[in-house]
Amino acid sequence: MSKLNLSVAVGPYDRTRALIDGSVQIDGVNPTCMTLSPEEIFFRAFRHAEFDICELSLSSFTVKTAQGGGPYVGVPAFVSRAFRHTSIYVRTDRIKKPEDLKGKRVGVPEYQLTANVWARAILEDDYGVKPSDIQWVRGGIEDADRPEKISIKLPSDVKLEDAPSGKSISAMLAEGTIDGFIAPRPPSLPKNTPHVGWLFADPVAAAKDYFKRTGVFPIMHIVGVRRTLAEQHPWLPGAVFKAFEQSKAAALDLLNDTSATKVTLPFVEERLAEARALMGEDFWSYGVSANRKTLESFLRQHHREGLSARLVTPEELFHSGTHEAFKI
C-alpha cells in the first residue's frame with residue numbers, strides 16, 4: 001500500500017519534535033510538516049480547512065462539534081496544556097482581587113479562545129465573577145483588527161464590544177481605558193509600564209492550589225484530522241494518535257536524561273520532580289479516559305457560557321478509533 005501524502009501543521013514543541021524531524025512516523029503517511037504559530041494554524045484551519053492533520057483550538061472545535069461537526073475529526077493528543085492563572089492581567093492601581101473585576105472592562109483577543117474559557121471558569125467558580133458581570137472588549141493583542149476566527153452567538157446578558165479602530169487591547173490596558181486583559185499571550189507593553197501586572201500575585205501557587213482542589217490540568221489544543229480523509233481511511237485517526245503519543249514519550253525520555261539538560265533553562269530536573277510529585281508520573285496524559293474530568297469540566301463551562309448550544313460529551317469530540325488503544 002502506498003503511503004498517503006498529507007500535510008501536518010503543529011507548533012514546534014518538544015512533544016511534537018520527533019514527528020517533525022521524522023524520528024517518529026505516522027503509520028501509512030508520508031508527511032509534509034509545517035511548524036507554525038497556533039494563531040496561524042487555527043485561522044487557516046477553521047476558515048479554509050487548509051491542512052490534513054493539524055493542531056486545533058479545543059474551544060473552536062467544541063463550537064463546531066455542538067453545531068454538528070466541522071471539517072476535522074478530533075484526536076485526543078493534547079499538544080498544548082496550561083494553567084491559565086498567568087493569563088489574567090489587570091490595572092493593579094484599580095484591581096486588587098478577582099471580585100474587583102465586577103462591572104469593569106476587560107480586553108480579549110477573541111472571546112471564545114480556549115484560554116479565556118478556562119480563565120472565566122476560574123473567575124466564576126472560585127470567585128463568583130460571572131461573564132455577565134464584565135464588559136468585554138475584543139481586539140488584537142498587537143494588531144487592532146484581529147477578527148474572531150469563527151462565528152459565535154453569546155447570551156443576551158453578556159456584553160461584548162469591539163475595541164476602537166486602531167487600538168489594540170495591549171495599548172488600552174497600558175493607557176487605562178480597560179481594567180483587565182485575558183489572553184494566551186501576555187500584553188505587548190513597553191518595559192516598566194506602570195500599574196499593569198498579574199491578577200494573581202503568585203500565579204504558580206494559585207495554579208497548584210487549583211490542581212490540588214480540582215485535579216484539572218487545563219487542555220488548550222487537540223489534534224484534528226480532515227474528516228473526508230478519516231471517512232476514506234478509518235485507520236488514520238488511530239495512527240495519528242499513536243504517533244503523537246510516541247512523539248510525546250520521546251520528549252519525556254529526553255527530559256528525564258539530566259546528564260546534559262535538553263532545555264535551555266536551569267532547575268529543569270527539580271521542576272520535573274515537582275510536577276510529578278503534584279500531578280503524578282503521567283502528568284501530561286493523552287487520551288479520553290485519563291482526561292475525562294478535565295474535558296467534562298471544560299465542556300460544562302463552554303456550554304454554561306453559551307458558546308456551545310448543547311452540552312457536548314468527551315466522546316463526541318474524538319474519532320471512535322481513538323477512544324481506546326490496544327494493550328499487550
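The values are calculated or read from the model by the stated rules, or taken from the named source; none is laboratory data. Here the structure is a predicted model, which means the values were calculated and not measured. FYI the Cβ positions are ideal-geometry reconstructions off the backbone, even for glycines, and counts take in every protein chain you see.
Observations on the structure shown:
- Residue pairs meeting the criteria (Cβ under 6 Å; at least 6 apart or on separate chains; first buried (at least 18 other Cβ atoms within 10 Å of the Cβ), in the range 294-317; second of a type in the set (Gly, Ala, Ser) and outside any helix (DSSP H, G or I)): HIS302/SER308; LEU317/GLY74
- Among all positions in the range 222-229, there is at least one residue which is touching a residue at least 40 places away in the same chain (Cβ under 8 Å), of a type outside the set (S, T, N, Q) and part of a helix (DSSP H, G or I).
- Each residue in the range 132-183 was checked for being among the basic types (Lys, Arg) and either without any contact (Cβ under 8 Å) to a residue 12 or more places away in the chain or part of a strand (DSSP E or B) (or both), and 2 of them qualify.
- Selection status of ALA290, over 25 Å from SER151 (Cβ atoms), more than 21 Å from the chain's Cα centre (by Cα), part of a helix (DSSP H, G or I) and modelled with pLDDT of 95 or more: no
- Test: residue in the range 258-276 that is within 25 Å of THR114 (Cα to Cα), in contact with a strand residue (DSSP E or B) (Cβ under 7 Å, 6 or more places away or on another chain), in the same structural domain as VAL8 (by TED's automatic domain parsing) and not β-branched (Val, Ile, Thr): no
- Test result for PRO186, surrounded by fewer than 18 Cβ atoms within 10 Å (Cβ to Cβ), touching a residue at least 24 places away in the same chain (Cβ under 8 Å), under 30 Å from THR294 (Cβ atoms) and out of contact with any Asp or Glu (no Cβ under 6 Å at 6 or more places or on another chain): yes
- All of PRO76, PRO71 fail the test of being touching a Phe, Trp or Tyr at 6+ places or on another chain (Cβ under 9 Å), within 21 Å of PRO237 (Cβ to Cβ) and surrounded by fewer than 20 Cβ atoms within 10 Å (Cβ to Cβ), apart from PRO71.
- Considering the range 48-90, the residues that are β-branched (Val, Ile, Thr) and under 12 Å from PHE318 (Cα atoms) include one that is nearest to the chain's Cα centre (by Cα), namely THR62.
- Single residue of the range 1-18 satisfying the filter (of a type in the set (S, T, N, Q) and part of a strand (DSSP E or B)) that is nearest to PRO234 (Cα to Cα): ASN5
Yes or no, residue by residue, for (1) under 18 Å from TYR286 (Cβ atoms); (2) assigned by TED's automatic domain parsing to the domain that holds PHE181; (3) touching a Ser or Thr at 6+ places or on another chain (Cβ under 6 Å):
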| site | (1), (2), (3) |
| --- | --- |
| VAL24 | yes, no, yes |
| THR32 | no, no, yes |
| THR35 | no, no, no |
| GLU40 | no, no, no |
| HIS48 | no, no, no |
| PHE61 | yes, no, no |
| PRO76 | yes, no, yes |
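- Scanning the range 213-237 for residues that are closer than 20 Å to VAL63 by Cα and either at pLDDT below 95 or of a type in the set (S, T, N, Q) (or both) yields one hit, THR228.
- The residue list LYS208, LYS248 contains one member that is under 28 Å from ILE141 (Cβ atoms), surrounded by 16 or more Cβ atoms within 10 Å (Cβ to Cβ) and in contact (Cβ under 8 Å) with a residue 12 or more places away in the chain, which is LYS208.
- Test: residue in the range 19-42 that is part of a strand (DSSP E or B), of a type in the set (Ser, Thr, Tyr), modelled with pLDDT of 95 or more and closer than 22 Å to LEU229 by Cα: yes
- The one condition in (1) surrounded by fewer than 24 Cβ atoms within 10 Å (Cβ to Cβ); (2) part of a helix (DSSP H, G or I); (3) among the hydroxyl-bearing types (Ser, Thr, Tyr) that SER59 fails to fulfil: (1)
- Criterion applied to SER259, SER247, SER285, SER297 was being out of contact with any Cys (no Cβ under 9 Å at 6 or more places or on another chain), outside any helix (DSSP H, G or I), modelled with pLDDT of 95 or more and small (Gly, Ala, Ser), and the one residue passing it is SER285.
- Enumeration of residues in the range 26-51 that are surrounded by fewer than 16 Cβ atoms within 10 Å (Cβ to Cβ), within 16 Å of LYS242 (Cβ to Cβ) and not small (Gly, Ala, Ser): ASP27
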